[in-house]
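Written below as structure tokens is the structure these notes are about.
The values are calculated or read from the model by the stated rules, or taken from the named source; none is laboratory data. Just so it is clear, the model here is predicted, and its values are computed rather than measured. Note: ideal-geometry Cβ built from the backbone for every residue, glycine included; neighbour counts use all protein chains shown. These area figures cover heavy atoms from the full protein model, side chains too; ligands, DNA and RNA do not enter into them. Shrake-Rupley method; radii C 1.70, N 1.55, O 1.52, S 1.80 Å.
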Amino acid sequence: MTCKKRRTNVCSQLPSRAALVLWPCSFWACQELKEQLREPLGLTAETPLALSYQNGSRNSVKKVLEEKQGLAEQGVEDGACVTVKVDAMEVRPENSFLRESIRNNGGNSYYYAHANEKELPPELRYVYGGDPIKLESNTEGDALKAEKAAKALTHYSWADEGDFVCIYVSAEGEPEAIEAAKDGDVKVQFEARSAELRISKDSKEYALSLRQLEGEIVPDESKHRVSAGKRVTLKMKKKRTVTWTRLQQSK
């Protein structure tokens with residue numbers, strides 16, 4: 001490992017706490033690093049300093065630097081973030097307020113989620129990706145989807161008929177859809193609180209989608225009927241026999 005002092009940025013405006021990005025020398029000990037920091041921080045030899053480091057992101061576990069051990073020996077990696085505390089007593093992770101709270105309060109501690117916190121290995125701290133890949137455009141497919149986009153059926157009526165609620169789409173309101181329903185494909189899907197009608201023929205499609213129905217229906221007992229050239233009727237079986245005063249709930 002090499003040390004490049006020109007890349008060491010020190011926040012000298014922070015008298016009680018400073019941060020730097022470190023490119024460590026394998027032969028440096030914590031004490032030598034402290035001496036290197038005193039001049040740019042404007043500190044005397046008597047000023048106590050406490051150093052700790054984090055490898056990778058600032059969310060990784062912070063570790064206290066031992067006074068006489070080398071940086072590499074303590075696991076400091078290139079790009080590590082070293083925190084410098086000035087005029088502060090050294091507090092080790094095991095003696096921090098967070099760990100003290102967990103020891104004293106156990107599962108009732110505000111910080112209990114950190115009880116078994118472990119440092120992530122390097123392979124989980126970084127994610128590497130390749131060059132961006134341009135998605136292929138599918139002009140023909142997009143055009144086909146646009147052509148097949150369903151036309152909403154907006155002219156319909158409904159009625160509460162006791163055990164059932166009926167929806168009527170008639171030739172007077174939707175002539176094209178009713179004409180397509182003669183020999184086209186008619187699909188209806190019922191769910192507990194919704195019903196959907198889709199009529200398709202050739203490249204044209206028509207749809208009626210009803211969400212948030214006023215009450216629940218029984219899908220298996222609901223059905224539809226096509227009266228050729230006249231109307232399409234959806235007959236929805238109520239789950240509870242109560243009068244519906246509206247077809248759908250207010251949004």
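Summed over segment 231-251, the residues that are open to solvent by 40 Å² or more (accessible area, probe 1.4 Å) and over 27 Å from Lys182 (Cβ atoms) give a count of 11. Take Ser157 and decide whether it is touching a Phe, Trp or Tyr at 6+ places or on another chain (Cβ under 7 Å) and without any contact (Cβ under 8 Å) to a residue 40 or more places away in the chain. The answer is yes for Ser157. Would you say Glu77 is modelled with pLDDT under 70, closer than 21 Å to Trp28 by Cβ, among the acidic types (Asp, Glu) and out of contact with any Cys (no Cβ under 9 Å at 6 or more places or on another chain)? It is false that Glu77 is modelled with pLDDT under 70, closer than 21 Å to Trp28 by Cβ, among the acidic types (Asp, Glu) and out of contact with any Cys (no Cβ under 9 Å at 6 or more places or on another chain).
Run down Leu33, Leu65, Leu43 and say which single residue is of a type in the set (A, V, I, L, M), open to solvent by 20 Å² or more (accessible area, probe 1.4 Å) and modelled with pLDDT of 80 or more.
Numbers: Leu33 fails: open to solvent by 20 Å² or more (accessible area, probe 1.4 Å); Leu65 fails: open to solvent by 20 Å² or more (accessible area, probe 1.4 Å).
Selected residue: Leu43, the only one of Leu33, Leu65, Leu43 that is of a type in the set (A, V, I, L, M), open to solvent by 20 Å² or more (accessible area, probe 1.4 Å) and modelled with pLDDT of 80 or more.
Set side by side, the residues Leu153, Leu144, Leu98 differ, and just one is out of contact with any Ser or Thr (no Cβ under 8 Å at 6 or more places or on another chain), modelled with pLDDT of 75 or more and surrounded by 11 or more Cβ atoms within 10 Å (Cβ to Cβ), which is Leu153. Here are Ala228, Ala192: which of them is in contact (Cβ under 8 Å) with a residue 24 or more places away in the chain, more than 23 Å from Ala149 (Cβ to Cβ), open to solvent by 70 Å² or more (accessible area, probe 1.4 Å) and aliphatic (A, V, I, L, M)? Selected residue: Ala228, the only one of Ala228, Ala192 that is in contact (Cβ under 8 Å) with a residue 24 or more places away in the chain, more than 23 Å from Ala149 (Cβ to Cβ), open to solvent by 70 Å² or more (accessible area, probe 1.4 Å) and aliphatic (A, V, I, L, M).
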